[in-house]
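Since every read-out is calculated from the coordinates, none of them should be taken as a lab result. Every value quoted in this text rests on a predicted model; they were computed, and no experiment measured them. Cβ coordinates were reconstructed from backbone atoms using ideal geometry, including for glycine residues, and neighbour counts include every protein chain displayed.
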Amino acid sequence: MLEATVHGALEGLWLVLAWPNILYPVLGTLLAMLVAFVPGISGATVMALMIPFTLAWEPLPVMLTFGGLVGGATFMGSITAILFNVPGSGPSAATLIDGHPLAQQGQARTAIGCAAMASAGGSTIGILILVLLIPLMRQAIMAFGPPELLMLMIWGLTTIAVVTRGAVARALIAAGLGLLLAFIGQDARTGELRFTFGWLYLWDGLGLIPVVLGLFSIAEMADLSVSGRLTISGKSRVEQLSGSVREGVRSVFTHLGLFVRSALIGTAVGIIPGVGGTVASFLAYGQAVQTSSDRDRFGKGDIRGVIAPEAAHDAKDGGSLVPVLAFGIPGSEATAVLMAALVLHGLVPGRALMTDQLPLVFVLIWSLFLSNWITSILGVALVGPLARLTTLRVQVLAPIVFALAVLGAFAYEQRFEDVGVALAFGIIGYLMKKHAWPRIPLVVALLLGGGIELNLRITAQLHALGRVDLWARPLLLVLVLLVLVNLALPWLRANSAARQEPAS
Amino acid sequence: MVSRRQALSALSAWAGAAALGCGEAWRGSTTGPTCGGLAGRRIRWIVPNAPGGGYDAESRLIEPFLEQRLGAEIAIDNVPGAGGILGARAIAAAVPDGLTLGVVGVPGLLVAALSRAAGAPNPASDLTILGRISRSYHVWATGRNSGLETLDDALAAAEVRPLVFAINEVGSASFVSITAAASVLDVHVEIVAGFGGTRAASLAAVRGDVDLVGFNFDTIVDLIDAGELRPLLQVSLSRIAPHQSLDGVAILGGEDGWALRRTRARGRDIDQTRRHTQALVDVMGAGRVAVGPARLDTGLSACLSRTLHETLTDARVLAASSRTLDAASARVAQDDVQRAAAEAPLLLPDLEAAMRRVRQ
Amino acid sequence: MTRAAEGALLTLVFTTSTALVVVMSLDLSPVARRAPLLVALPTLALLAFELLADVSRIRARSVIEEHSLRVRERALILWAGVLLASSALLGMLVGLPAFLLLYLRYRSAERWTVALAVAAGFWTLLYGVLVLVLRLPLYAGRLWSWL
């Protein structure tokens, strides 16, 4: 198996780098980058649109192109998150927590440089683990069932306790409200419609993107606009901006442990079908706060708050190929479209593809790798003009951001109701910020609430039917331990600090 | 290795797409009927799921060929949500001028319409059927390590404890198929809902968390081929496909089918079983159909149906598709849908009882 | 209205919404209402305490909100309405650039040239990327279907 893997990898690399094959991932990356700049347009949308074009192509250029498309979309959404507080996609929502404050402090270049390095590096780690897991793909996926998913999501929810400091009651209330919002829609277990007021639009619940666009993008820009602040960065000339790309890139190496941990989290979450990049980003952000001794700057422009979600977000790409290639189970929306494209070209994901077409599989993997680095390099190359945008007057930028947010909310699922939702949450988000209500717990709870309820029910039902023995699942026990540690750590730290004070 | 000629032709396709707008490279010369002046117009083709789903993939497969035949531009519009109801409603509510068409899944929509799910259009009366694109019958499949080799084993196990199925959501086509089939077989099942899709539920069966799944054969054939799942029952009147994995696999319907066999053995009402089995097979077999709004002009509808059928039976489309589409003309598809709509109420009592059980 | 009063009003909105969830849950089956009630009841309890705290803040601090801030907030809400109306009536392709034009000219007091340039640039982005390249159907706007 190892020999076949190495041979497949080398042959795949040769195929990617050969002329004119290399043009496919490059063009795919550029197209995805261009499109991903528009919020709400995901990589999956671009990939779906490319399918008719590629029908007559051979499998090789299909793999080359789609590898580029998967990798090209992820980073650009982070740039809009950093500059304008407008996440290009769900996973970028975690980046804006600290990325945008950095831009507000005139350090957009540092933030973008950091995001670029963390993205490219994170995807490299994700791909490396993907390759190492090729002989163990099946076992890796089989290890994650509903009980493990439940604990993983609870772990994500406990990061709320970590991320918010001070007004614990308000954080809990915000999380509760987020969970209640997550319950809107059809209950999968009973088929009943909950809290939809008879409105078909709410059948599938509230979309995360319109809510995030409202709570963060619209609300923050409204706040800036009302506050009378002149520019995003507070500076009116580019020369006044501080920070640099080099500083940003270096920060990833300064916090190497955090970067690697975050990339591993992203890869692991990517492997689990149906969890998604947004969860990966927030989990990584949470662990970044949790494992830091000095946490005061998080949420106010801490570079570690950019490293963690960016590394996880891009590492997830490599991880999400594992269930696709092993079982034909899409790990994300983008991989769902990828699967559709593969099937249309007679490439059925699964054991057959992995044994008979390994070089083609590696063509996909290498294209993804190349695409992530192209995106980051180009992003860095554009840092100058991008950072300049933070010196534009808020009164000029604000309507553009509002328009982009509305466009993004509509583009998400082509429903005008999402625009109303985004604007309504924009007002709510503005008021929440004004009156010191934390918004992150609401978003995290909205993101995870549905999955927690479903997996809790499934686990309880399977346990009642005698189908699962919770004590015989080692991964589950590890996750339970992690959750307990997560919950105990703040209390332990507080105790430790209290004991040290009298001594000093 | 990609040849230089292939690369150049693909590159020109890229450039064409970027500069001129998508579809130009495929349109070529206009051939075929103009279908009441649709040539040069833009047709909105509604797909009731997100990009990448089965309906989406099939639509994107036929899109360039249909464009060529109609001489019109087809813009695929994904309208996901509410189990396909939102997309179906969008088609039903559109102006019947031939500029809004789409694809719907008849089984799920029929059940939703009959159980009066909010605003679900009835495909038999609220939409104009233009033709069937594909259909696939359900199979019951178990994980390779489940210990269940045949349907006999499963039914024997069900005498001691319920058979546990994994599905994505209550009210889905899978829920309907499993509930109705379990009823005619007179077997006790427990349904665990909430899995995030067909593949996630199938993985639960592979893992051994549940006994069985019941899904479209086409959707899980790759897992069957890989040896991860083993089919135990074909929810049909006859063999579903000439696929070797179905050799010797029990068939639900037909005079020699397991439904009647169990009914005779247990002294239950044979006619009722026969009717219910037929209803189940007809509802599930109505498939995915291309539709337009109701009250579409007869001539326009006939032209669109003809063009669609020619597209679906085009050798290039069949070659490009990796699975059998099983297309049918508008007349056949309409008859199938009408028959399914007439028989679907037979399934309602069992479905409602199952829903009441899961809500306790 | 003082800032404290506004804060209390926000808490009251949250409390009312959560109470509504509790009431609506009672119409659901036992299985379906379990999770919402498990979350809503403790949240309601916490909100009650927060509301009390907010009310006491109203009494303690009677600082009236700065008038100019109120004016800017109201203006922003009005413009949010303009954005919603223009995109709903005129569609994305026309409504969003129209909003930009009006906002930049009348709210941001920019010159016509700047406002037109930004609106035209945005339209180019919409049309070029989303319509031409991606062929994404943009919301068409109600007004055109009425006309």
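Please compute the Kirkwood hydrodynamic radius of segment A:2-496 from all pairs of different C-alpha atoms, in Å with one decimal.
Working: mean 1/r = 0.0440 Å⁻¹.
Computed over segment A:2-496, the radius equals 22.7 Å.
Using the Kirkwood radius built from alpha carbon pairs, what does the Stokes-Einstein equation give as D for segment B:138-283 at 10 °C and 1.306 mPa s, in µm² per second? Result for D is 106 µm²/s. Taking B:A112, B:A241, B:A124 in turn, the Gaussian network model of chain B (Cα-Cα springs below 10 Å) assigns the largest fluctuation to B:A241.
Pairwise Cα distances in segment C:3-60 exceed 12 Å in 65 percent of cases.
Which value in deg cm²/dmol, rounded to the nearest 500, describes the helix-derived mean residue ellipticity at 222 nm for the protein assembly as shown, given -39,500 (n - 2.57) per DSSP H run of n ≥ 4 and division by the residue count?
Values: 43 runs with 640 residues, N = 1011.
Rounded to the nearest 500, the figure is -20500 deg cm²/dmol.
Mean partner shielding of peptide C:112-121, defined as the number of other chain Cβ atoms within 10 Å of each residue Cβ, is 1.
Across segment A:260-312, the convex hull enclosing all Cα atoms gives 60 Å³ per residue.
Annotation: the residues B:D314, A:D296, sorted from fewest to most other C-beta atoms within 10 Å of their own C-beta, follow the order A:D296, B:D314.
Taking the Cα centre of segment C:3-60 as origin and assigning +1 to Lys and Arg Cβ atoms and -1 to Asp and Glu Cβ atoms, the resulting dipole is close to 80 debye. Each semi-axis of the equivalent ellipsoid for chain C is √(5λ) with λ an eigenvalue of the Cα gyration tensor; in descending order they amount to 41, 27, 11 Å. Rg and Dmax of segment A:376-489, both derived from C-alpha coordinates alone, stand at 22.0, 63 Å. Farthest towards the positive end of the charge dipole of chain A, among the residues A:P147, A:V260, A:P399, is the Cα of A:P399, using unit charges on the Cβ of Lys, Arg, Asp and Glu. Once Rg and the Kirkwood radius are both taken over the C-alpha atoms of segment B:245-360, their ratio Rg/Rh works out to 1.08. When peptides B:279-287, A:133-141 are sorted by average Cβ neighbour count within 10 Å, with the highest value leading, the order is B:279-287, A:133-141. Charge dipole (Cα centre; +1 on Lys/Arg Cβ, -1 on Asp/Glu Cβ; no other charges) of segment C:59-147 amounts to roughly 180 debye.
Remark on segment A:233-326: Rg and Dmax equal 15.3, 52 Å (Cα only). Once backbone amide H atoms are built at 1.01 Å from N, B:S134 has B:R288 as its partners under 5 Å, excluding neighbours fewer than 5 places away on the same chain. When the Cα atoms of segment B:61-102 are aligned to their principal axes, the ranges along those axes come out at 32, 23, 10 Å in descending order. Look at the stretch A:458-466: the mean tally of other chain Cβ atoms within 10 Å of its residues' Cβ atoms is 4.
Each of A:T80, C:T11 was scored by other Cβ atoms within 10 Å of its Cβ. Arranged with the fewest first, they read C:T11, A:T80.
Excluding same-chain neighbours fewer than eight residues apart, the aspartates and glutamates reachable from A:K300 by a Cα-Cα span under 15 Å are A:D98, A:E220.
Considering every residue in C:30-41, what mean count of other chain Cβ atoms within 10 Å of its Cβ is obtained? Please list the in-between numbers first.
Values: counts 3, 8, 11, 5, 3, 14, 9, 0, 2, 11, 5, 1.
Mean shielding count: 6.
In terms of overall dimensions, segment A:54-159 has a Cα radius of gyration and Dmax of 17.8, 50 angstrom.
For the peptides A:122-130, B:254-262, the ranking by mean Cβ contacts within 10 Å, running from highest to lowest, is A:122-130, B:254-262.
Using a Gaussian network model on chain C with a 10 Å cutoff between Cα atoms, which of C:R34, C:R107, C:R74 fluctuates the most? Evaluated over chain C, the most mobile residue of the options is C:R34. By the count of neighbouring beta-carbon atoms within 10 Å, fewest first, A:V279, B:V249, A:V168 end up ordered A:V168, B:V249, A:V279.
Cα-based Rg of the protein assembly as shown per 2.2 N^0.38 Å, rounded to two decimals? Mind dumping the intermediate values first?
Working: Rg = 28.2 Å, N = 1011, 2.2 N^0.38 = 30.5 Å.
So the protein assembly as shown has a normalised radius of gyration of 0.92.
With point charges of +1 on the Cβ of Lys and Arg and -1 on the Cβ of Asp and Glu, referenced to the Cα centre of chain B, which listed residue (B:L318, B:S202, B:V111) lies farthest in the positive direction of the dipole? So the residue furthest toward the plus end is B:L318.
For chain B, what is the convex hull volume of its Cα atoms per residue in Å³?
Numbers: hull volume 53.3 nm³, N = 360.
Measuring per residue, one finds 148 Å³ for the Cα hull of chain B.
Simple rule: put +1 on each Lys or Arg Cβ and -1 on each Asp or Glu Cβ in the protein assembly as shown, find the dipole, and look at A:L10, B:G84, A:A118; the Cα lying farthest toward the positive end is A:A118.
Once you divide the Cα radius of gyration of segment C:87-146 by 2.2 N^0.38 Å, the number left is 1.18.
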